[in-house]
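The block underneath contains the structure these notes are about, expressed in structure tokens.
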Amino acid sequence: MASEGGTNAAATAASATSEGKNRSRKGKPWDEDDPGSSNLLKAEKFEPASNEGALLETTSFSTTFAKDREESLLEAWPVVKGALKEHGVSCKLSVSEGSMTVSTTRKTRDPYIVVKARDLTRLLSRSVPVHQAIKILNDDMTCDIIKIGDLVRNRKRFSERRDRLLGPNMSTLKALENLTGCYILVQGNTVAAMGSLDGRGLKQLRKIAEDCMNNIKGPLDHIQELKKEREPAKTPALANESWGRILPKENIKLKKPYTPFPSPQQPSKTDLELENGKYSLSDKKKSTKKLQEKPDKQSKKVDGNKRKREAASIPPKESIAGSSESAMATSGDSKVADMVAMPSKKKAKKE
């Protein structure tokens, strides 16, 4: 029975992946989006006793870095050198060439640790802090570097969409870190992420970043979906089960079947008028409407002109300032009359 169950699971996984581009690739347990599938991939801690002999060949990787990263790398390099020395990996920092090189030695026991060291140099070149980048050397950690610079050509549009991932005061980035369980750093044209070995959080984060840069779906919509997915995880009975029957399904628009023949032509306005019998009466209706609307327009215009004439004949209201001005005018007139009367009085006295 156990063998039958295993064959059925392998068949379903193979059928799911065969629909993609690479049909010859066999299905893996971590290809499924089911939350319960994350438990199928577990990290086993490497013990030096399992590989007592030295490696036959030396493997080395080199990573370039920008010039503005020289000072920070020189300060952090002793910490990096000490962390890699514990695993038997040698490292070299070349400031003149602008590169970091890691290689295996005769003390190296874990054959995969050199790949982890390469990922460490890649994270350091993308401004990830040293105390965070060193965690990649653990067996239960992995990383993913998402290149977003080539997805958008317009630089202004690129910066606007990259700001959507950050959000105001880095709020969107913090929400994504809490929901996916990954460390995220947006720097330049790349998004550096570190997460657990199951890769489910990194897979979600890559989809969120690509959808945001391609303007398919914003990060806030993905955050709402991730919140809905976290609700079934709170109950212990549903922690390791499929959540497909619980989560709401989106309405998928079905495409119309392809036909080589063109769609039928839609009737025009004249065709509809001919069907209703209104095509011949259209000219008469227009003339009658004009005759009916003409007296209404004339009456409105006459009323408006009448109101303007009436408004001009209405006397303005007298204010307090106007009464004081009139009083000043009367007093001024009386003074002028007195000044005119003064010479006549002088002539009368002389006579």
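For ARG164, what accessible surface area do you get with a 1.4 Å probe? Give it in Å², rounded to 10.
100 Å²
Strictly over 24 Å apart at the Cα level, which of LYS67/LYS174; LYS81/LYS135; LYS81/LYS107 would you flag in this model?
In this structure, LYS67/LYS174 lie more than 24 Å apart at Cα.
Just read off the accessible area of GLU47 with the full protein assembly in place, 1.4 Å probe, to the nearest 10 Å².
120 Å²
In nm, give the distance between the simple-model label positions of LYS156 and PHE261, each being 7 Å from the Cα along the Cα-to-Cβ direction.
Each label point is offset 7 Å from its Cα along the Cβ direction, giving 4.9 nm.
Label points 7 Å out from Cα along the Cβ direction at LEU197 and ILE216: separation in nm?
That separation, rounded to one decimal, is 3.0 nm.
Tell me, what ³J(HN,Hα) does each residue in the range 205-210 have, in order and in whole Hz, if you take phi through Karplus 6.51 cos²θ - 1.76 cosθ + 1.60 with θ = phi - 60° and put x for Gly and Pro?
Working through the residues one at a time gives 5, 4, 5, 5, 5, 5 Hz.
Pick out, in residue order, every one of the chymotrypsin sites (Phe, Trp or Tyr not before Pro) in the range 60-142 that is DSSP loop and has at most 16 other C-beta atoms within 10 Å; say none if there are none. Write down the numbers at each step before the final one.
On the way: sites: PHE61, PHE65, TYR112; in loops: PHE65, TYR112.
Sparse-neighbourhood loop chymotrypsin sites (Phe, Trp or Tyr not before Pro): TYR112.
Going by the alpha-carbon gyration tensor, a ≥ b ≥ c the square roots of its eigenvalues, is the range 52-201 rounded (a/c under 1.5) or, if a/c is not under 1.5, prolate (a/b greater than b/c) versus oblate? All intermediate terms of the calculation are to be shown ahead of the outcome.
Numbers: a/c = 2.30, a/b = 1.64, b/c = 1.40.
Judged from the Cα gyration tensor, the range 52-201 comes out prolate (a/c at least 1.5, a/b above b/c).
Could you sort HIS131, HIS222, HIS87 by their accessible area in this structure, using a 1.4 Å probe and putting the largest first? Display every interim value, and only then the final one.
Details: HIS131 135, HIS222 15, HIS87 70 Å².
If we order HIS131, HIS222, HIS87 from most to least accessible, we get HIS131, HIS87, HIS222.
Where does each of ARG157, ARG162, ARG69 land when they are ordered by accessible area, with a 1.4 Å probe and the largest first?
Working: ARG157 115, ARG162 60, ARG69 40 Å².
Largest to smallest exposure gives the sequence ARG157, ARG162, ARG69.
Between SER60 and LEU166, what is the label-point separation in nm under the 7 Å Cα-to-beta-carbon projection?
Reported label-point gap for LEU166 and SER60 is 3.8 nm.
Within the range 49-86, what residues put their amide N at less than 20 Å from the label point 7 Å along the Cα-to-Cβ vector of SER99?
58-71, 73-74, 77, 81
The values are calculated or read from the model by the stated rules, or taken from the named source; none is laboratory data. Since we're looking at a predicted model, the values are computed, not measured. Positions of Cβ are backbone-derived with ideal geometry, glycine not excepted, and every protein chain shown enters the neighbour counts. These accessible areas exclude ligands, DNA and RNA; they are computed on the full protein's heavy atoms, side chains included. Shrake-Rupley method; radii C 1.70, N 1.55, O 1.52, S 1.80 Å.
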